[in-house]
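> I have a structure I would like to understand better, so I am pasting it below and will then ask my questions one at a time.
The values are calculated or read from the model by the stated rules, or taken from the named source; none is laboratory data. Small disclaimer: the values here were computed from a predicted structure and weren't measured. Here Cβ is always computed from backbone atoms with ideal geometry, including for glycine, and neighbour counts include all displayed protein chains.
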Ligand code: CA
């Protein structure tokens with residue numbers, strides 16, 4: 001089966017914040033893409049997302065070399081990043097120990113896309129007019145929706161929408177990251193973004209952006225600007241990947 005040609009656009013903006021705690025990875029050799037959104041006081045957030053961005057692609061490569069399949073390599077990579085961030089957090093002075101980061105990772109192999117996420121950074125697959133969110137937000141608000149306590153439309157404005165129950169740097173995390181496979185079709189677009197973007201762009205906004213910006217770099221830059229123009233006060237990061245047949 002002919003492999004896909006991946007065209008990738010990426011952009012990150014500090015926005016109104018005093019530093020940018022978001023990180024992204026475009027690893028064209030492994031066809032691995034990632035967005036991480038760090039949290040914690042001082043420079044803890046940057047350290048956490050930086051560690052995730054450094055460790056995960058390398059660990060995936062190492063585990064592939066040891067003949068792991070994609071889900072296993074990704075799970076191990078998440079576990080290793082988690083351990084490193086927990087241990088870096090323990091070295092921080094008391095009061096700065098809640099150091100963590102979200103991470104969403106997508107890896108393309110042949111006609112499959114493997115996606116894993118912890119936290120509330122998201123991946124979407126856009127196919128024609130269909131926009132599918134591939135990740136589940138690990139916010140307390142979203143968990144309350146799953147349990148039927150909150151309605152989906154209430155979750156967005158809930159005080160629990162920014163409280164994460166799963167992320168990298170979580171010492172109590174037992175079950176790790178779920179890795180889900182998706183079958184790709186030519187023309188598919190992957191959009192990965194931090195909540196600085198997803199809080200301000202609807203499915204319809206994403207569909208429109210993809211339609212009107214066939215160049216993936218233009219599209220990533222447009223979406224980041226769109227979020228900032230629509231009131232995002234957060235760091236805003238976006239990776240857009242187009243999958244085409246050779
Ligand atoms: Ca954020």
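> Would you pick out the residues in segment 158-190 that are under 18 Å from residue 115 (Cβ atoms), away from the ligand (no atom under 16 Å from the Cβ) and in contact with a helix residue (DSSP H, G or I) (Cβ under 8 Å, 6 or more places away or on another chain)?
176, 177, 179, 181, 189
> Next up: Could you tell me whether segment 59-78 includes any residue that is within 16 Å of the ligand (Cβ to nearest atom), crowded, with 18+ Cβ neighbours inside 10 Å and without any contact (Cβ under 8 Å) to a residue 40 or more places away in the chain?
No; the residues of segment 59-78 include none that is within 16 Å of the ligand (Cβ to nearest atom), crowded, with 18+ Cβ neighbours inside 10 Å and without any contact (Cβ under 8 Å) to a residue 40 or more places away in the chain.
> Just a yes or no: is a residue in segment 181-197 in contact with a strand residue (DSSP E or B) (Cβ under 6 Å, 6 or more places away or on another chain) and assigned to a helix (DSSP H, G or I)?
yes
> State all residues of segment 20-39 that are within 12 Å of the ligand (Cβ to nearest atom) and either in a loop (DSSP other than H, G, I, E, B) or out of contact with any strand residue (DSSP E or B) (no Cβ under 8 Å at 6 or more places or on another chain) (or both); if no residue qualifies, say none.
20, 21
> Yes or no: residue 48 in contact with a helix residue (DSSP H, G or I) (Cβ under 9 Å, 6 or more places away or on another chain), in a helix (DSSP H, G or I), surrounded by 15 or more Cβ atoms within 10 Å (Cβ to Cβ) and in contact (Cβ under 8 Å) with a residue 12 or more places away in the chain?
Numbers: in contact with a helix residue (DSSP H, G or I) (Cβ under 9 Å, 6 or more places away or on another chain): yes; in a helix (DSSP H, G or I): yes; surrounded by 15 or more Cβ atoms within 10 Å (Cβ to Cβ): yes; in contact (Cβ under 8 Å) with a residue 12 or more places away in the chain: yes.
Against the criterion (in contact with a helix residue (DSSP H, G or I) (Cβ under 9 Å, 6 or more places away or on another chain), in a helix (DSSP H, G or I), surrounded by 15 or more Cβ atoms within 10 Å (Cβ to Cβ) and in contact (Cβ under 8 Å) with a residue 12 or more places away in the chain), residue 48 qualifies.
> For segment 216-246, name all the residues that are away from the ligand (no atom under 16 Å from the Cβ) and over 20 Å from residue 35 (Cα atoms).
Residues satisfying the conditions are 229, 244, 245, 246.
> What's the total number of residues in segment 168-198 that are on the phi > 0 side of the Ramachandran plot and surrounded by 15 or more Cβ atoms within 10 Å (Cβ to Cβ)? Explain how you work it out, then say what you get.
We begin by selecting, within segment 168-198, every residue on the phi > 0 side of the Ramachandran plot; these are 169, 176, 187.
Retained after the next criterion (residues that are surrounded by 15 or more Cβ atoms within 10 Å (Cβ to Cβ)): 169, 176.
Selection size over segment 168-198: 2.
> Please state which one of 60, 25 is under 24 Å from residue 199 (Cβ atoms) and at pLDDT 95 or above.
Numbers: 60 fails: under 24 Å from residue 199 (Cβ atoms).
On inspection, the qualifying residue turns out to be 25.
Okay, residues lined up against (1) within 15 Å of residue 48 (Cβ to Cβ); (2) without any contact (Cβ under 8 Å) to a residue 40 or more places away in the chain; (3) crowded, with 24+ Cβ neighbours inside 10 Å:
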residue	(1), (2), (3)
82	yes, no, yes
85	yes, no, yes
88	yes, no, no
94	no, yes, no
103	yes, no, yes
107	no, no, yes
113	no, no, yes
119	yes, no, yes
127	no, no, no
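> With the condition kept exactly as written, say whether any residue in segment 2-15 is within 15 Å of the ligand (Cβ to nearest atom), crowded, with 23+ Cβ neighbours inside 10 Å and modelled with pLDDT of 95 or more.
Checked against the condition, which is being within 15 Å of the ligand (Cβ to nearest atom), crowded, with 23+ Cβ neighbours inside 10 Å and modelled with pLDDT of 95 or more, segment 2-15 yields no hits at all.
> Here are the criteria: (1) touching a strand residue (DSSP E or B) at 6+ places or on another chain (Cβ under 8 Å); (2) more than 12 Å from the ligand (Cβ to nearest atom). Tell me which single one residue 42 does not satisfy.
For residue 42, the failing item is (1).
> Residue by residue through segment 82-122, note down the ones that are within 20 Å of residue 237 (Cα to Cα) and either away from the ligand (no atom under 16 Å from the Cβ) or out of contact with any strand residue (DSSP E or B) (no Cβ under 8 Å at 6 or more places or on another chain) (or both). I'd like the intermediate steps shown before the answer.
Step one: list which residues in segment 82-122 are within 20 Å of residue 237 (Cα to Cα), which gives 99-107, 115-122.
If the condition is that a residue be within 20 Å of residue 237 (Cα to Cα) and either away from the ligand (no atom under 16 Å from the Cβ) or out of contact with any strand residue (DSSP E or B) (no Cβ under 8 Å at 6 or more places or on another chain) (or both), then 105, 106, 107, 115, 116 are the ones that fit.
> While we're looking at this one, here's another question. Could you tell me whether residue 232 is in contact (Cβ under 8 Å) with a residue 40 or more places away in the chain and surrounded by 15 or more Cβ atoms within 10 Å (Cβ to Cβ)? Before the answer, list the steps.
Values: in contact (Cβ under 8 Å) with a residue 40 or more places away in the chain: yes; surrounded by 15 or more Cβ atoms within 10 Å (Cβ to Cβ): yes.
Criteria met by residue 232.
> What's the total number of residues in segment 123-157 that are assigned to a loop (DSSP other than H, G, I, E, B), away from the ligand (no atom under 16 Å from the Cβ) and closer than 30 Å to residue 63 by Cα?
Quick first cut of segment 123-157, residues assigned to a loop (DSSP other than H, G, I, E, B) only: 128-129, 134-138, 147-151, 156-157.
Filter again for away from the ligand (no atom under 16 Å from the Cβ), leaving 128-129, 134, 136, 147-151, 157.
Subsequent filtering for residues that are closer than 30 Å to residue 63 by Cα retains 134, 136.
Residues flagged as assigned to a loop (DSSP other than H, G, I, E, B), away from the ligand (no atom under 16 Å from the Cβ) and closer than 30 Å to residue 63 by Cα within segment 123-157 amount to 2.
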